[in-house]
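Each value in this text was obtained by applying a stated rule to the coordinates, not by laboratory testing. Here the structure is a predicted model, which means the values were calculated and not measured. Here Cβ is always computed from backbone atoms with ideal geometry, including for glycine, and neighbour counts include all displayed protein chains.
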Amino acid sequence: MSEQLTIITGSKAEKYEAMLPQIKSLISGEQDLIANLANVSAVLKATFDFFWVGFYLVKGNELVLGPFQGSLACTRIAYGRGVCGAAWQRGEAMLVPDVDAFPGHIACSSLSRSEVVVPLVRDGKVWGVLDVDSDLLDDFNQEDVDYLTTLASYISNNEMR
Ligand code: SME
């Protein structure tokens with residue numbers, strides 16, 4: 001397993017292109033779910049300096065906070081609640097340019113202004129979500145959704161327990 005991360009400067013796309021294969025090789029040699037999600041959060045934080053980035057995992061009828069980087073966060077989110085719960089319910093990525101305009105948004109931090117949430121899907125079932133928040137309005141676009149969806153598929157395709 002590589003324990004060194006090469007972060008390049010450049011466009012957002014260039015950063016994702018450089019980061020994704022590194023994450024793939026980082027997690028491919030490890031089967032522990034928490035260890036991998038913790039490292040993926042760290043790599044995303046180091047590469048993009050996201051305000052908050054991390055995982056919520058489906059446990060029963062709730063999402064429960066998993067590994068993350070950023071400030072204190074809500075520990076449990078009900079099915080369909082907030083942006084994360086909506087991504088789980090719909091089984092699709094949510095791009096929210098202004099969290100205050102999203103009905104039911106859960107404000108873990110009042111500084112969070114925009115976010116993107118991508119479901120983690122295995123065998124057609126959502127088992128968690130990747131949540132990325134920004135303290136800037138309208139900070140994400142379809143490029144983030146596409147690259148983060150690719151990342152989510154790497155994670156879901158990696159054998160982990
Ligand atoms: N913003 C999320 C809640 C999680 S925190 O932002 C970390 C939501 O509305 O689903």
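Below are the figures for this structure:
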| quantity | calculated |
| --- | --- |
| Fewest-first ranking of Leu63, Leu33, using other Cβ atoms within 10 Å as the exposure measure | Leu33, Leu63 |
| Those aspartates and glutamates that a straight Cα-Cα span of less than 18 Å connects to Lys24, excepting residues fewer than 8 apart in one chain | Glu3, Glu14, Asp32, Asp144, Asp146, Glu159 |
| Ascending count of other beta-carbon atoms within 10 Å, so fewest first, for Asp100, Asp135 | Asp100, Asp135 |
| Per-residue Cβ neighbour rank within 10 angstrom, fewest leading, Val132, Val121, Val116 | Val121, Val132, Val116 |
| Using a Förster distance of 35 Å, the FRET efficiency for Cys74-Glu3 (Cβ separation, nearest 0.05) | 0.65 |
| Residues with amide H under 5 Å from that of Leu120, placed H, sequence gap 5 or more | Trp127, Gly128, Val129, Leu130 |
| GNM result for the chain, Cα springs below 10 Å: residue of Ser114, Ser134, Ser28 fluctuating most strongly | Ser28 |
| Selected from Ser153, Val53, Ser114, residue furthest toward positive end of dipole (the range 12-157; charges at beta carbon) | Ser153 |
| Rounded to the nearest 20 debye, dipole of the range 12-157 from Cβ charges on Lys, Arg, Asp, Glu | 520 debye |
| Cα lying deepest toward the dipole's positive end in the chain, options Ala101, Gly91, Tyr16, charges on Cβ | Gly91 |
